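Encoded as structure tokens, the structure appears first; notes follow it.
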Amino acid sequence: TFDITVRNTNGCHLYFIQVGDGETIEEPNKIAYLYDSSKSTDYDVDSDPAYAVISGTDNIVEAIDIKDFTAESTDTINALESNYDLVVVSEGPNSGHKFASSLKGMVNRVPMLNMKSFFYKSGVWNWGAGKNPSPATGTIVLTEAGAAHPVFETLGYGVGDEVELYVTEDYTGNIIQGYTASEGSLIANDAVLATIGDGINAIHEHGKNNTYMLYPFSSDAAIAGVEFTDDATNLLLAVVDYLADTKSK
């Protein structure tokens, strides 16, 4: 026999199951992982390192191919908001995909982890632009705001720490994508948590409830078989847990 209890925290109902001897088990998060199979004939979501890390947890992770979605797929947006504790948008979907602009409507309506900074450009999300560092690098540098952020702080990172996220010895293509924020845009005043290359913005978050975070990663690297470092795995898992905990009505 077991008892189920419900606790309301910040508008979010957390369900706990108490089993036999009093052990309490928290229900797993339900996560949607959006990808686009039309991105490349070489892309396989099961070989995507970010998907592998996230789906390798106790969370319930559903891979969703947006290949045939359209700008009019508002019922899909509503379903993603209602049925998941976190929506992860892989870097795979092209910024010109008809569904891409619709994803902006989920920001701060459901916790969201976005890996594609090029959605920010004019004509898509209109927040600024994506930017690739030159030369390409697999390392981020923590800012003061990043070092004080719960995700990075609990992992023991400090100001100015260089965190290598990807094994890059045999790969010279784009790996970590940066961004620029247009003056007056929704994200213009967001604190930059990490940079890449010559001080290019790399990671930021927006909102405290149903928090949105940009954690950019190139799917071209995934297709080429670029591997995550242990730091990358630990950071991604920490980000997933952190964002899911911000779920709110």
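The values are calculated or read from the model by the stated rules, or taken from the named source; none is laboratory data. What you see is a predicted model; the values in this text were computed from it and never measured. Heads up, the Cβs are rebuilt from the backbone with ideal geometry, glycines too, and the neighbour counts pull from every protein chain shown. We work out accessible area using only protein heavy atoms, side chains counted, and drop any ligands, DNA or RNA first. Shrake-Rupley method; radii C 1.70, N 1.55, O 1.52, S 1.80 Å.
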Legend entry - Subset of the range 142-154 (residues that are touching a residue at least 40 places away in the same chain (Cβ under 8 Å), surrounded by 13 or more Cβ atoms within 10 Å (Cβ to Cβ) and farther than 14 Å from residue 215 by Cβ): 143, 145
Inset, instruction - Among what's in the range 204-231 and is in contact with a Gly (Cβ under 7 Å, 6 or more places away or on another chain) and aliphatic (A, V, I, L, M), pick the residue that is nearest to residue 165 (Cα to Cα). - result: 221
Inset, instruction - Would you check which residues across the range 54-88 are open to solvent by 10 Å² or more (accessible area, probe 1.4 Å) and hydrophobic (A, V, I, L, M, F, W, C) and list them? - result: 60, 61, 63, 64, 69, 71, 77, 79
Inset, instruction - Report whether or not residue 185 is assigned to a loop (DSSP other than H, G, I, E, B) and within 18 Å of the chain's Cα centre (by Cα). - result: no
Legend entry - Subset of the range 49-80 [touching a strand residue (DSSP E or B) at 6+ places or on another chain (Cβ under 7 Å) and assigned to a loop (DSSP other than H, G, I, E, B)]: 59, 66
Inset, instruction - For the range 134-151, enumerate the residues that are farther than 15 Å from residue 196 by Cβ and in a helix (DSSP H, G or I). - result: 144, 145, 147, 150, 151
Inset, instruction - Taking residue 107 as the residue in question, decide whether it is open to solvent by 10 Å² or more (accessible area, probe 1.4 Å) and within 18 Å of residue 36 (Cβ to Cβ). - result: no
Inset, instruction - Give the residues of the range 178-225 that are open to solvent by less than 30 Å² (accessible area, probe 1.4 Å) and under 17 Å from residue 48 (Cα atoms), sorted by residue number. - result: 215, 216, 217, 218, 219, 221, 222
Legend entry - One residue from 164, 91, 169 being touching a Ser or Thr at 6+ places or on another chain (Cβ under 7 Å), surrounded by fewer than 16 Cβ atoms within 10 Å (Cβ to Cβ) and not β-branched (Val, Ile, Thr): 164
Legend entry - Search result, residues across the range 57-108 that are out of contact with any Asp or Glu (no Cβ under 6 Å at 6 or more places or on another chain) and small (Gly, Ala, Ser): 63, 71, 73, 79, 82, 90, 95, 96, 100, 101, 102, 105
Inset, instruction - Please list, ordered by first then second residue, the pairs with beta carbon atoms under 7 Å, 6 or more apart or interchain, first in the range 204-232 and farther than 19 Å from residue 34 by Cα and assigned to a loop (DSSP other than H, G, I, E, B), second open to solvent by 30 Å² or more (accessible area, probe 1.4 Å) and modelled with pLDDT under 85. - result: 209/10; 224/171; 226/167; 226/168; 226/171; 229/167
Inset, instruction - Return a yes/no flag: does the range 118-133 have any residue that is surrounded by 23 or more Cβ atoms within 10 Å (Cβ to Cβ) and not in a loop (DSSP other than H, G, I, E, B). - result: yes
Inset, instruction - Run residue 28 past the list (1) assigned to a helix (DSSP H, G or I); (2) under 30 Å from residue 230 (Cα atoms); (3) not hydrophobic (A, V, I, L, M, F, W, C) and report the number of the one that doesn't hold. - result: (1)
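Results for (1) farther than 25 Å from residue 203 by Cα; (2) modelled with pLDDT under 90, shown as yes or no for each residue.
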| residue | (1), (2) |
| --- | --- |
| 17 | yes, yes |
| 25 | yes, yes |
| 34 | no, no |
| 39 | no, yes |
| 51 | no, no |
| 88 | no, no |
| 94 | no, yes |
| 99 | no, no |
| 105 | no, no |
